[in-house]
1. Can you name every residue in segment 118-149 that is buried (at least 21 other Cβ atoms within 10 Å of the Cβ) and not in a helix (DSSP H, G or I)?
2. Read through the list (1) at pLDDT 95 or above; (2) touching an Asp or Glu at 6+ places or on another chain (Cβ under 6 Å), then give the number of the only condition that F149 fails.
3. Need the failing condition index for W114 against (1) in contact (Cβ under 8 Å) with a residue 24 or more places away in the chain; (2) in contact with an Asp or Glu (Cβ under 9 Å, 6 or more places away or on another chain); (3) part of a helix (DSSP H, G or I), just the number.
4. Mind listing whichever residues of segment 101-133 are touching a Cys at 6+ places or on another chain (Cβ under 9 Å) and modelled with pLDDT under 90?
5. Residue under question is L102, and the condition is that it be more than 14 Å from A42 (Cα to Cα) and of a type in the set (A, V, I, L, M, F, W, C); does it hold?
6. Which members of segment 39-67 meet the condition of being assigned to a loop (DSSP other than H, G, I, E, B) and surrounded by 10 or more Cβ atoms within 10 Å (Cβ to Cβ)?
7. Look at segment 24-38 and say how many of its residues are in contact with a helix residue (DSSP H, G or I) (Cβ under 6 Å, 6 or more places away or on another chain) and assigned to a helix (DSSP H, G or I).
8. Being among the hydrophobic types (A, V, I, L, M, F, W, C), modelled with pLDDT under 95 and assigned to a helix (DSSP H, G or I), is that true of even one residue in segment 73-83?
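The values are calculated or read from the model by the stated rules, or taken from the named source; none is laboratory data. Just so it is clear, the model here is predicted, and its values are computed rather than measured. As a convention, Cβ positions derive from the backbone with ideal geometry for all residues, glycine included, and neighbour counts pool all protein chains shown.
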Amino acid sequence: RRAPRRALRAGMEQLGSSLDPRSSLPLQLMIWLEDRLTQAVAVVLLALLVVKPYFFDYPAGAAQFEFMLMLLHPLVQGVRSWLGTAGNKQERTSCIAWFLWLTVWTALVTGYFWRRQTVGLVIECGLAAGACGLAALETLQAGVAALAFCE
């Protein structure tokens, strides 16, 4: 009964694969949490960006720039999350590499809304800081997962 299993395992290892999954549950949980946090950030920021220009002084075009940036962010974040999930579950380093490259976008946008936006309220800055910190943790976890896939 064990002989066919050993032969299958030996055959898989010769092909450069393993029967033991190496995908990362912590990375998958972080990607899921990042999706939920991105939705919260987008809803809060878009709602406030409709109202804030009436109560605060904005330079010409600043509110429109921030609004367009926040409309684009969930789309890029969705692609990034899909690449991270597919790369993690299928153990594909190319998807993880693209996930890591798109983390630059996430860090820049959430960093902007955390520290550099024209008028930042406490809730906006807090959500953006959380998203930026979570992106940093995802980067570390994705790097570890990608190294495990390359064994």
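1. Within segment 118-149, none qualify.
2. Result: F149 passes all but (1).
3. Of (1) in contact (Cβ under 8 Å) with a residue 24 or more places away in the chain; (2) in contact with an Asp or Glu (Cβ under 9 Å, 6 or more places away or on another chain); (3) part of a helix (DSSP H, G or I), only one is false for W114: (1).
4. R115, Q117
5. So L102 passes the test.
6. F56, Y58
7. Matching residues across segment 24-38 total 9.
8. Looking through segment 73-83, none of the residues is among the hydrophobic types (A, V, I, L, M, F, W, C), modelled with pLDDT under 95 and assigned to a helix (DSSP H, G or I).
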